[in-house]
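Structure, as structure tokens:
The values are calculated or read from the model by the stated rules, or taken from the named source; none is laboratory data. Please read these numbers as outputs of a predicted model, since none were measured by experiment. Note: ideal-geometry Cβ built from the backbone for every residue, glycine included; neighbour counts use all protein chains shown.
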Amino acid sequence: MTKKTIEIIDIKVLKGPSMWTYSPVLEAWVDIGDLEDYPSNTIPGFTDRLVSWLPSLIEHRCSYGEHGGFVKRLEEGTWPAHILEHVTLELQNLAGMPGGFGKARETNKRGVYKVIVRAWHEEITKTALYHARDLVMAAIENQQFDVPAAIKEIEDLVDSLYLGPSTGCIVDAARERKIPATRLSEGNLVQLGYGNQQRRIWTAETELTSAIAEGISRDKDLTKSLLASCGVPVPEGRMVESPADAWEAAQDIGLPVVVKPYDGNHARGVFTNLSSQIEIEKSFEDALNEGSGVMVERFIPGNEHRLLVVGKKVVAAAKGESAWAKGDGLRSIRQLIEEEINTDPRRGDAEILPLSPVVFDKKLELELARQKLTLDSVPEKDQDVLVQGSGNMAFEVTHLVHPDVAAQAALAARVIGLDIAGIDLVAEDISRPLEEQGGAIVEVNAGPGLIMHLKPAVGEPQPVGAAIVEHLFPNQANGRIPVVGVAGSRGKTMVAQLVSHLLQLTGMKVGLACSKGAFFNQRLQTSGNCANWTSANRLLLNRQVEAAVIENDNHTILNEGLAYDRCSVGIVTNLDPEDTAPECSITEPEQIYNVMRTQVDVVLPTGTAILNADDEAVVKMAELSDGEVILFSRYGLNDATKNHLKNGGRALFTENNQIVLAQGPERQVLIDLANIPLLQSSSKTNTLENVLAAVGAAWALNSPKDIIIAGLQTFN
């Protein structure tokens, strides 16, 4: 081989639906050089090496649609671009990302392929692609490759760049409900929905979460005061100014007590069940290091619980678990913690793990001192040593929560003013009312972590993401506004402008992105060609926009993807077989069709495709629409519209110099062509079909007929 290499010559990220799939993908152009002459079955030992490094490739079904399908392709012979696709996806999967779409296609240049893979995050997928290229080349050349190191690097990127588990579960639940999700930052700020129907989340906080309520929740003394005034059981206690004051407060309250920072979190600096002056005074200093003030409270005997309140009800509950080291007569407590407890795969600092590691801190030293032990003590065989009394919500107990307890927790959230809250309470038995067992609510937390409910150490996960989405979008709302997408070879801009005009006359605030600029309610916002992903996306982020009209040409679809996941109306004006994109290796009519059909593929089941009945290729797209189809024809009834009407469909066409709206056997004249100024002033041959396409869109969106007529008469 004279050029035994895989060269990645270009990468583009398609951020929305494209000719490949509905989801964002990375499209890499790859030159395999002389490897074009060496499929996998001609390279000695290649398949065995690849599968030994990535045994989970056996799960890839590939074109055979069966377990082991891809490995079968390797054995029969397939090319490096196809292999690169599968290896990239598998590396992402092994690093904790979901599986996804993949495809490899030849271009019009020998040895150059397009490799398309699902891109959950651009940087993560690019890194996986380059590692996959190096791995495949190592397998071809029979060289060593450090697979664990590659996966670790991708894992680190996932941890730092991808959505956290709390945000991720909400986004996943939204997508299950077909609610669009748009990430607004490199952090966890996400928009759900479009335009004026959107809601925003940041982990487990929403735009409905009051900043005042969040501030109150951080002030534990104020929180307790407000809760107590509303009859919610809380432990007695007060703020203290010094170690001596802490001991005095403890004596007033009654031993034992809890010493904790009044504005801390994650149980840091919280010391429980303290009875001696030395313990209490020493704990004051340690608690102060974790916050800006210290509280002393009555110690409530029982188990710690975390109840998640969403809206006005408890949707999940978890019970805490203490950590114990069991002596073997040989190892110290330090060794037992390091070798037995902290090696539990459920424990760790990662946000996705349900249990935290046992930390060697002052709290641990205090706990051991109570048992007359130190970290270097060697407990006797089978001796149980308490090493962590709190901090792990391990047991899923939602099904055990007593209705009175749930009501108290929901009341606590409302008193503070939080729409989503983590309620910490202590009780011997969560299935009994708090009052009868002396239980109490000890904290109310804004932005609670959800991992304990998503991945409990013991018990079934709870659908907390779905509960939050239902809170934001009740009664099956989907967060969508009418989105009209306009594609085709000619006339797109005029159609988009006319549709925008017609919709605005109905009273909606309309955003328009087209080749003439970006507009809001007919006011120019950005000049120049705005028929692109960036301009369209800005419309969908705008909280004032009640309807969006977006022009898409084949270059936008090929190089950026659509800015929306689905649309209410998808218009295809026409399809010119000469409207090619050679730079994208799109040169054949069938390829152009596959690009343009993207606009119809994304029509919602409740939406409508508006298609040119005078264009045979466009009419063929009707079978691709998940929603209704309205055909339009400038030449009156033709075979396509006749058949469509015969089947009960809708169509509009010209007859006797009038625009006629038809459904099944019904006919209704809309307007005389002579009364449409645009038709009289325009010299373009396709102006009439543009008018029909725009009328079809307004009709599909149930615009009143008189409004459509007025719009046609006033459009300039």
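Scanning segment 560-615 for residues that are of a type in the set (Ser, Thr, Tyr), more than 25 Å from residue 535 (Cα to Cα) and at pLDDT 95 or above yields a count of 1.
Scan segment 628-649 for residues that are of a type outside the set (A, V, I, L, M), touching a helix residue (DSSP H, G or I) at 6+ places or on another chain (Cβ under 9 Å) and farther than 11 Å from residue 662 by Cβ and the total you get is 2. The condition of being assigned to a helix (DSSP H, G or I), touching a strand residue (DSSP E or B) at 6+ places or on another chain (Cβ under 8 Å) and either closer than 20 Å to residue 690 by Cα or of a type outside the set (Asp, Glu) (or both) holds for residue 535.
Return the only residue of 167, 107 being in contact (Cβ under 8 Å) with a residue 12 or more places away in the chain and surrounded by 22 or more Cβ atoms within 10 Å (Cβ to Cβ). Step through it out loud before you land on a result.
Working: 107 fails: surrounded by 22 or more Cβ atoms within 10 Å (Cβ to Cβ).
Result of the check over 167, 107: 167.
For segment 454-483, a residue qualifies if it is out of contact with any Pro (no Cβ under 7 Å at 6 or more places or on another chain) and more than 30 Å from residue 546 (Cα to Cα), and the qualifying residues are 458, 459, 460, 461, 462, 463. Taken over segment 403-443, the criterion of being part of a loop (DSSP other than H, G, I, E, B) and touching a Pro at 6+ places or on another chain (Cβ under 6 Å) is satisfied by no residue. Residues that are among the hydrophobic types (A, V, I, L, M, F, W, C) and farther than 30 Å from residue 465 by Cα do occur in segment 220-232.
Screening residue 623 with (1) under 33 Å from the mean Cα position of the chain (by Cα); (2) closer than 16 Å to residue 694 by Cβ gives one miss only, at (2).
Looking at 671, 707, 630, can you tell me which residue is in contact (Cβ under 8 Å) with a residue 60 or more places away in the chain, surrounded by fewer than 20 Cβ atoms within 10 Å (Cβ to Cβ) and not aromatic (Phe, Trp, Tyr)? Break it down stepwise before answering.
Values: 671 fails: in contact (Cβ under 8 Å) with a residue 60 or more places away in the chain; 630 fails: surrounded by fewer than 20 Cβ atoms within 10 Å (Cβ to Cβ).
Step by step, each of 671, 707, 630 is checked, and only 707 is in contact (Cβ under 8 Å) with a residue 60 or more places away in the chain, surrounded by fewer than 20 Cβ atoms within 10 Å (Cβ to Cβ) and not aromatic (Phe, Trp, Tyr).
Restricting attention to segment 122-155, the residues that are crowded, with 21+ Cβ neighbours inside 10 Å and either modelled with pLDDT under 95 or touching a Phe, Trp or Tyr at 6+ places or on another chain (Cβ under 8 Å) (or both) add up to 4. Each residue in segment 258-284 was checked for being within 18 Å of residue 365 (Cα to Cα) and surrounded by 15 or more Cβ atoms within 10 Å (Cβ to Cβ), and 18 pass. Can you tell me which residues in segment 339-362 are buried (at least 16 other Cβ atoms within 10 Å of the Cβ) and out of contact with any strand residue (DSSP E or B) (no Cβ under 9 Å at 6 or more places or on another chain)? Once the filter is applied, which keeps residues that are buried (at least 16 other Cβ atoms within 10 Å of the Cβ) and out of contact with any strand residue (DSSP E or B) (no Cβ under 9 Å at 6 or more places or on another chain), segment 339-362 yields only 342. Looking across segment 503-562, the residues that are of a type in the set (Ser, Thr, Tyr) and within 27 Å of residue 577 (Cα to Cα) come down to 515, 556. With respect to residue 302, determine if the residue is in contact with a strand residue (DSSP E or B) (Cβ under 8 Å, 6 or more places away or on another chain), on the phi > 0 side of the Ramachandran plot and not polar (S, T, N, Q). Yes; evaluated as a whole, the condition is true for this residue. Condition test on residue 470, is it surrounded by fewer than 17 Cβ atoms within 10 Å (Cβ to Cβ) and either more than 22 Å from the chain's Cα centre (by Cα) or not hydroxyl-bearing (Ser, Thr, Tyr) (or both)? No; evaluated as a whole, the condition is false for this residue. Selection of segment 174-196 for residues being in a helix (DSSP H, G or I), buried (at least 19 other Cβ atoms within 10 Å of the Cβ) and more than 8 Å from the chain's Cα centre (by Cα) yields only 195. Of the residues making up segment 17-46, those that are surrounded by 20 or more Cβ atoms within 10 Å (Cβ to Cβ) and in contact with a helix residue (DSSP H, G or I) (Cβ under 7 Å, 6 or more places away or on another chain) are 17, 18, 19, 26, 28, 30, 32, 35, 40, 46.
Can you spot a residue in segment 239-250 that is on the phi < 0 side of the Ramachandran plot, assigned to a strand (DSSP E or B) and either surrounded by 18 or more Cβ atoms within 10 Å (Cβ to Cβ) or of a type in the set (D, E, K, R) (or both)? Yes, there is a match, as at least one residue in segment 239-250 is on the phi < 0 side of the Ramachandran plot, assigned to a strand (DSSP E or B) and either surrounded by 18 or more Cβ atoms within 10 Å (Cβ to Cβ) or of a type in the set (D, E, K, R) (or both).
Kindly indicate which of 485, 507, 511 is at pLDDT 95 or above and outside any strand (DSSP E or B). Talk me through it step by step, then tell me what you get.
Numbers: 485 fails: outside any strand (DSSP E or B); 511 fails: outside any strand (DSSP E or B).
Exactly one of 485, 507, 511 is at pLDDT 95 or above and outside any strand (DSSP E or B), namely 507.
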